[in-house]
Amino acid sequence: MHKPSEPFIAVENIYTPRQRYVLLVASLLGLAALMVFGLAQYLTAFLAAGILFVVFRPWWVALVHRRRWNRRLVTILLLLVTVVVLVIPFYALSSLLLDRLVRFAQNPEQILEVVHKVERAVGFKITEQFNVRQVLLQGGAKVSSWLPTLASSALNFLVIVGLMLFTMYYMFMQETYFLLGLHRYLPFRNETLKELGESLKNNVNANVLGQVVVALVQSILTGVTLWIFGVPDALFWGVVAFFMAFLPVLGTPLVWGPAALYQFSQGHNGQAIGILLAGFIVIINVDNLLRIVLAKRMGDIHPLVTLVGLVLGVEIFGLIGLVVGPLLVSYFLVLMEVFRRENRATNKAVAGPL
C-alpha cells in the first residue's frame, strides 16, 4: 500500500537575502583561510608552480597552440627542464651555502683569526664593539631556519617539489579550464584581467628571470675574480654572491669587499687591489648594465619594492622569498592601481552624466 509522503513543513528563514549573501561570502573566506592555514608549510610549492606557469607559458603557447605538439609531451618536457635546470642546481647551491655557514657558525675560530688580522692591518678594533662569535651563531641559526626543507629534511623537500610539479602538470594540462576559472571568479572586468595578466607577466620576468640572470652573472664574475686573486673557497663565496646579488644597492660588494680586506690582512696588497678594481670596474658595472637592458625588456622594478619584498619574502617563505617577496609587493601595487581605477569608474557610473 502506498504510504502518503510526510507533509512539508514550511519554515521561514531567519536571514534576509542580504544576510544570507554576507554569510555565504564569510563562509567561503573562512574555509579558504582554513585551507591556506592547513597548507601553509607547502604554500611555497603552489607559489612556485604559479610563477613557473607564467615563465614557461610562452614556450607552451609556441609548442602546443602554434606548432600543435602533443600537450602531454610538452608538459613533461617542461617538468624535466624545471627539475634539471632549477630544482637540482637550487638544491645543490642552497645545501652548499647552508652547510658551510653552519660550519662557520659552529667553529668561528677561523673567522675570528681573519678578523683579528684585519684589525691589526687597519688599526681598528672590531671585536670590542660586538661579539663576533655570538653573531655567527645567531646568523647560522637564522639561515638554518630559512632552509628547513633543503638540508634538514630531504623528505619534506621531495614533498614540496612533488607538489610543485604535480600542480604545474595540471595547470598546463587543464590550461583552458584554469584560465576560464580565473576569468569567472576573479572580481574584475575582462579588460582589467588582461591588464593584470600582462602586468603579472612583466613582474615575473623582472623579478624572476631578470633577478636570477643578474645574480648568476654577478656570482660567476665574483667567484672567478676571487679565484684569480687567490681567495680561499672561491666557489663557496661565488655561491654566497649569488644570493647576495638579490639585495639592492649592497649586493655582491658584501662578498668581494671583505675578500679584499682579507687579502690586505694577509699582506697580499696587489691581490686585494685587483679584487677591488675588478669589483668596482667590472662586477658593479655589469650589474648596472644588465639591469638597464633587462628593465627595457622585462619591466622596471623600483629598488625600494625589491628591498621591501626581500625582507617580507624571506621572513615568510624562507629562501624562495628572495623571488616571491618582490613579486608579491609588485603585484600588490598593481592591484592597488586597479582598485583606484575601478573605484573611479564606478563612481562616475553612479554619478551619471551631469
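The values are calculated or read from the model by the stated rules, or taken from the named source; none is laboratory data. These numbers were taken from a predicted model, which means no experiment stands behind them. Every residue, glycine as well, gets a Cβ built from its backbone with ideal geometry; the counts of neighbours run over all protein chains shown. Heavy atoms of the whole protein, side chains included, go into the accessibility calculation; ligands, DNA and RNA do not. Shrake-Rupley method; radii C 1.70, N 1.55, O 1.52, S 1.80 Å.
Return the pair list, or none, for Cβ contacts closer than 7 Å from residues in the range 263-274 that are closer than 12 Å to Val231 by Cα to residues that are open to solvent by 70 Å² or more (accessible area, probe 1.4 Å), at least 6 apart or on different chains.
So the pair list comes out as Ala272/Phe264.
Being in a helix (DSSP H, G or I), within 25 Å of Phe242 (Cβ to Cβ) and at pLDDT 75 or above is the requirement here; does Gln211 meet it?
Details: in a helix (DSSP H, G or I): yes; within 25 Å of Phe242 (Cβ to Cβ): yes; at pLDDT 75 or above: yes.
Answer is yes for this residue.
When the range 41-50 is examined, which residues are found to be under 16 Å from Leu80 (Cα atoms) and modelled with pLDDT under 85? Explain how you work it out, then say what you get.
Within the range 41-50, the first condition is being under 16 Å from Leu80 (Cα atoms), and the residues that meet it are 48-49.
Passing the criteria: only Ala48.
If you check Glu195, Glu175, which single one turns out to be among the acidic types (Asp, Glu), under 21 Å from Leu78 (Cβ atoms) and either open to solvent by 10 Å² or more (accessible area, probe 1.4 Å) or at pLDDT 75 or above (or both)?
On the way: Glu195 fails: under 21 Å from Leu78 (Cβ atoms).
Of Glu195, Glu175, the one residue that is among the acidic types (Asp, Glu), under 21 Å from Leu78 (Cβ atoms) and either open to solvent by 10 Å² or more (accessible area, probe 1.4 Å) or at pLDDT 75 or above (or both) is Glu175.
Can you pull out every residue in the range 226-239 that is open to solvent by less than 20 Å² (accessible area, probe 1.4 Å) and either part of a helix (DSSP H, G or I) or within 18 Å of Gly325 (Cβ to Cβ) (or both)? Write out each step before concluding.
Here is the first cut: in the range 226-239, the ones open to solvent by less than 20 Å² (accessible area, probe 1.4 Å) are 226, 231, 234, 236, 238-239.
Selection gives Leu226, Ala234, Phe236, Gly238, Val239.
Exactly one condition in (1) among the small types (Gly, Ala, Ser); (2) more than 21 Å from Leu86 (Cβ to Cβ); (3) within 15 Å of the chain's Cα centre (by Cα) is false for Ser199; which is it?
Of (1) among the small types (Gly, Ala, Ser); (2) more than 21 Å from Leu86 (Cβ to Cβ); (3) within 15 Å of the chain's Cα centre (by Cα), only one is false for Ser199: (3).
Would you check which residues across the range 236-259 are in contact (Cβ under 8 Å) with a residue 40 or more places away in the chain and not β-branched (Val, Ile, Thr) and list them?
Taking the range 236-259 first, the residues in contact (Cβ under 8 Å) with a residue 40 or more places away in the chain are 236, 239-240, 242-243, 245-249.
Passing the criteria: Phe236, Phe242, Phe243, Ala245, Phe246, Leu247, Pro248.
Which of the residues belonging to the range 71-93 are more than 17 Å from Ile160 (Cα to Cα), open to solvent by less than 50 Å² (accessible area, probe 1.4 Å) and not aliphatic (A, V, I, L, M)?
Result: Thr75, single match.
Among the residues of the range 244-264, write down those that are in contact with a Gly (Cβ under 9 Å, 6 or more places away or on another chain) and in a loop (DSSP other than H, G, I, E, B).
Ala245, Thr252, listed by residue number.
Just give me the residues in the range 33-70 being surrounded by fewer than 16 Cβ atoms within 10 Å (Cβ to Cβ) and of a type in the set (Lys, Arg), in sequence order.
Residues satisfying the conditions are Arg66, Arg67, Arg68.
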